[in-house]
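Notes follow once the structure below has been shown.
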Amino acid sequence: MRILELLGICFAALFVLLFAIFFRLRLFMVGGGTIRLQVRVSTMVAGRGWSTGVGQFVGDELRFHRMFSLAFRPKRVLNRTVLVVEERRRPEGPERLTVPAQWCVLRCSNGEAGQIEIAMAESTVTGFSSWLEAAPPGQPGGTSRPVIRPRTIEQ
């Protein structure tokens, strides 16, 4: 009988944990201005190190929250005043196992923070580039600088 009680407690704890994770994601999505994306958090192994999550647009910041985390603080914060997209490409090599084929991988320079790679759906890239270019007049990061270099993607 003790084994069944222990299994029941473990099952209930797992259920509460999963509920908390998805409730947290739902809280981020309620206000709108969110997108699904992946951020490359590690470049130790080629094509690996991608983390799935939700991007939340808040003013001049894109806040990345990991999907399977309980933290309310973002894992990464990208500021549009210093963010420049340098390359746009399709997933290649081992990345194709993690990143969906219809998504684009954007290699960005994030000011002094260095390089960062993010992946998002093709339709989301259009909105993302509009957000980058839509800074208020007079701010750095407005439409006076090139954001995404024109380049066609071969299929």
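Within segment 97-132, restricting attention to residues that are charged (D, E, K, R) and at pLDDT 85 or above, which residue is nearest to Gly53 (Cα to Cα)? So that I can check it myself, show each step before the final result.
Taking segment 97-132 and keeping what is charged (D, E, K, R), we get 107, 112, 117, 122.
Now restrict to residues that are at pLDDT 85 or above: 107, 117, 122.
Working: Arg107: 17, Glu117: 14, Glu122: 16 Å.
Looking at the filtered set, the residue picked out is Glu117.
Being of a type in the set (Lys, Arg), touching a residue at least 60 places away in the same chain (Cβ under 8 Å) and assigned to a strand (DSSP E or B) is the filter here; which residues of segment 80-126 pass it?
Scanning segment 80-126 gives Arg88, Arg89.
Among residues belonging to segment 16-40 that are at pLDDT 85 or above and of a type in the set (A, V, I, L, M), point out the one that is nearest to Ile118 (Cα to Cα).
Val39
Taking segment 14-70, which residues are part of a helix (DSSP H, G or I) and either touching a Gly at 6+ places or on another chain (Cβ under 6 Å) or surrounded by fewer than 13 Cβ atoms within 10 Å (Cβ to Cβ) (or both)?
Hits for segment 14-70 are Leu14, Phe15, Val16, Leu17, Leu18, Phe19, Ala20, Phe22, Phe23, Arg26, Leu27, Val30.
Of all residues in segment 127-139 being among the aliphatic types (A, V, I, L, M) and outside any helix (DSSP H, G or I), which is surrounded by the fewest Cβ atoms within 10 Å (Cβ to Cβ)? Quick ask: steps written out before the conclusion?
To start, the set of residues in segment 127-139 that are among the aliphatic types (A, V, I, L, M) comprises 132, 134-135.
So of that shortlist, the ones also outside any helix (DSSP H, G or I) come out as 134-135.
Details: Ala134: 11, Ala135: 17.
Selected residue: Ala134.
Residue pairs, Cβ under 8 Å, 6 or more apart or interchain, first in segment 13-34 and free of Cβ contacts under 8 Å to residues at least 60 places away in the same chain, second in a helix (DSSP H, G or I) and not aliphatic (A, V, I, L, M). List them.
Short answer, once both residue conditions are applied: Thr34/Phe28.
Would you mind telling me which numbered condition in (1) within 30 Å of Ala134 (Cβ to Cβ); (2) among the charged types (D, E, K, R); (3) loosely packed, with under 14 Cβ neighbours inside 10 Å Arg96 fails?
It fails just one condition, (1).
The values are calculated or read from the model by the stated rules, or taken from the named source; none is laboratory data. This structure is a prediction, so every number in the text was calculated from the model and none was measured. Note that each Cβ is placed from the backbone with ideal geometry, even for glycine, and that neighbours are counted across all protein chains shown.
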